[in-house]
Amino acid sequence: MPVVALRQLAAADAFGGLGLQRREAAWAIRALRDEALPLFAAAGAEQEAEEPEVILRPMSAGSEVVEDYTTVSLSLRSHPVAFLRRDLDGLGFIPCSELARIRDGRKVAVSGLVLVRQRPGSANGVLFVTLEDESGIANVIVWKQIFERFRRIVLGTAMLGVRGQVQVEGEVIHVIADELIDHGDLLRSVGGRKKAVKMRTCWAEKTGMVATERSVPQAKEMFDPHLRPGSVIRPQTRDFR
């Protein structure tokens, strides 16, 4: 197998089953070559010097998730937003799954990775956004005047915070946006986080916002084989206009 392929596998953490962590595998493969170096070829392979063993610092849980997303666009470890939950709690942003328990008309704030932005020609400038956090998804409606006010944020950020009003029509739940917040800086901090936060049970029950029980939308996996490696999480966002 070509060395370049081994490097790509190491970056994707494919050697975990062999007891090699991502950094350990990448470090070991750096010593490999598809062809022998001229100096060693002339001297004989038996005369190659052995490098001393190197102990590498373990990667943080957040950096592992960032590397998962930059190589295969998903992670089986934790959702990126789970590392940010304490920060979001402190800012008043609830998990997306809690929307299923909140009364129609209540004010809420949610935040998540931007999965879809849709602005149909027949919608008179209305933008529909789908967000995803570690608990599920949220469907957001952005009226034309709100879109024009927050255009740069809603079109440019990979992680969007929304403050607005819950609208319930049968089993369909939307958040009508009043304010949009760029949470890109929060998302960029995931690589330095050590631990994801486990989901709490029913935030809405503690705030008196509980409605009748409705089905909870489930988070989905994202996959983009053409995603470029980078230092931050870049979810594949589908834009329809």
Completion exercise
In nanometres, the difference between 0.36 nm per residue of separation and the alpha-carbon distance of Arg30 and Asp239 is 71.4 nm
Problem - Taking Ser60, Ser135 and counting other C-beta atoms within 10 Å, the order from fewest to most - result: Ser60, Ser135
Problem - Tail weight of P(r) past 14 Å, computed on alpha-carbon pairs of the range 73-139, percent - result: 63 percent
Problem - Amide H contacts of Arg193 (H built 1.01 Å from N, under 5 Å, at least 5 apart or other chain) - result: Gly62, Ser63
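Values in this text are rule-based calculations from the coordinates and carry no lab data. Predicted, not measured: the structure shown is a model, and the values here were computed from it. Neighbour counts are summed over all protein chains in view; Cβ atoms, including those assigned to glycine, are modelled from backbone coordinates with ideal geometry.
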